[in-house]
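Scroll down for the structure; my scribbles are underneath it.
The values are calculated or read from the model by the stated rules, or taken from the named source; none is laboratory data. On a predicted model such as this, the values are computed, not experimentally measured, just so you know. Note that each Cβ is placed from the backbone with ideal geometry, even for glycine, and that neighbours are counted across all protein chains shown.
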Ligand SMILES: NC(=O)c1ccc[n+]([C@@H]2O[C@H](COP(=O)([O-])OP(=O)(O)OC[C@H]3O[C@@H](n4cnc5c(N)ncnc54)[C@H](OP(=O)(O)O)[C@@H]3O)[C@@H](O)[C@H]2O)c1
């Protein structure tokens with residue numbers, strides 16, 4: 001039997017990058033996948049790819065900064081699929097927020113997407129999850145929750161907060177048999193990574209091609225991960241074999257952070 005046979009999984013930010021890889025891999029492992037995001041075309045692309053591979057997927061438009069919309073969409077997902085077993089809080093934004101120039105709106109945008117959004121998706125999902133050993137919340141954080149990215153305080157604060165949420169919720173819902181875990185990726189190839197690399201290159205006054213070897217020199221294995229590597233770990237955590245993990249923060253960073 002496939003590792004996620006017939007499980008209902010809701011993945012935020014499933015239209016691109018890591019979220020799309022998780023959605024495709026979960027579907028390949030037999031899950032019934034619900035994905036959300038703001039860009040309809042991106043969501044449709046993921047659904048099409050999953051269906052072409054013989055999997056099951058459905059898209060829901062959702063801006064995770066809208067708490068009322070979260071409650072509505074999660075209830076709809078549970079209704080459409082007859083329940084909910086796994087939530088992957090993957091939707092996120094990043095960007096520099098230098099302390100001298102950051103605005104309150106920029107700070108709030110990152111915090112309300114990455115931290116509030118994830119927490120209230122978990123709140124909504126936990127209201128629909130049945131108590132059992134294979135119900136899961138998986139939060140996609142970053143190694144920036146553990147090591148400082150200077151000038152990216154809002155991003156690091158949001159993801160450090162998400163790790164705190166992971167631990168507290170893990171304790172809170174343990175009596176229900178539900179697990180809550182975080183994944184802390186380092187660099188992963190995606191639109192977000194492209195934007196981050198461009199920003200660092202421009203701060204160095206270099207082209208992306210010239211900056212890349214310098215960026216990779218900070219990574220012991222000298223490479224960036226593929227989204228599929230994060231998806232493979234998410235499958236393990238979501239699977240029955242992963243039932244002993246809770247409150248954990250697992251690092252996939254090619255050695256950029258070692259815990
Ligand atoms: N790439 C990396 O190097 C890296 C490293 C560590 C952690 N991460 C984390 O991995 C996660 C996925 O990022 P990615 O690298 O795959 O980049 P990405 O391709 O930019 O994915 C981000 C996803 O989040 C969704 N999203 C953003 N704001 C949203 C909002 N307000 N409401 C709903 N959805 C929203 C986006 O969809 P829409 O724009 O369509 O809404 C998009 O699908 C993020 O949480 C990120 O912090 C990435």
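One table, with the values for the structure above:
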| read-out | value |
| --- | --- |
| Where a residue in region 185-210 is more than 18 Å from residue 252 (Cα to Cα) and its partner, wherever it lies, is more than 6 Å from the ligand (Cβ to nearest atom) and in a loop (DSSP other than H, G, I, E, B), with Cβ under 7 Å and at least six apart | 199/96; 201/207 |
| Pair list, Cβ under 7 Å, 6 or more apart: region 102-121 residue within 13 Å of residue 163 (Cα to Cα) and at pLDDT 95 or above, other residue near the ligand (Cβ under 10 Å from one of its atoms) and assigned to a helix (DSSP H, G or I) | 114/158; 114/159; 114/162; 115/158; 115/162; 118/162 |
| Condition check for residue 174: loosely packed, with under 15 Cβ neighbours inside 10 Å and either within 30 Å of residue 5 (Cα to Cα) or touching a strand residue (DSSP E or B) at 6+ places or on another chain (Cβ under 7 Å) (or both) | yes |
| Residue tally, condition surrounded by fewer than 21 Cβ atoms within 10 Å (Cβ to Cβ) and free of Cβ contacts under 8 Å to residues at least 40 places away in the same chain, over region 128-167 | 5 |
| Verdict on residue 179 being more than 16 Å from the ligand (Cβ to nearest atom) and at pLDDT 95 or above | yes |
| Residues satisfying the stated conditions in region 39-60, i.e. in contact with a strand residue (DSSP E or B) (Cβ under 7 Å, 6 or more places away or on another chain) and exposed (fewer than 15 other Cβ atoms within 10 Å of the Cβ) | 40, 44, 51 |
| Residue 240, sole failed condition from (1) surrounded by fewer than 21 Cβ atoms within 10 Å (Cβ to Cβ); (2) more than 15 Å from the ligand (Cβ to nearest atom); (3) farther than 26 Å from residue 24 by Cβ | (3) |
| Residue satisfying condition, being touching a helix residue (DSSP H, G or I) at 6+ places or on another chain (Cβ under 8 Å) and either within 11 Å of the ligand (Cβ to nearest atom) or more than 22 Å from residue 19 (Cα to Cα) (or both), within set 162, 126, 111 | 162 |
| Every residue from region 38-66 that is touching a helix residue (DSSP H, G or I) at 6+ places or on another chain (Cβ under 8 Å), away from the ligand (no atom under 11 Å from the Cβ) and either under 21 Å from residue 79 (Cβ atoms) or not in a helix (DSSP H, G or I) (or both) | 50, 53, 55, 56, 57, 58 |
| Criterion: closer than 30 Å to residue 6 by Cβ and touching a helix residue (DSSP H, G or I) at 6+ places or on another chain (Cβ under 7 Å) - qualifying residue of 236, 240 | 236 |
| Candidates 9, 78, 31, 91, filtered to the one that is surrounded by 15 or more Cβ atoms within 10 Å (Cβ to Cβ), in contact (Cβ under 8 Å) with a residue 40 or more places away in the chain and under 23 Å from residue 194 (Cβ atoms) | 91 |
| Sole residue being modelled with pLDDT of 95 or more, touching a strand residue (DSSP E or B) at 6+ places or on another chain (Cβ under 7 Å) and away from the ligand (no atom under 16 Å from the Cβ), chosen from 31, 23, 78 | 31 |
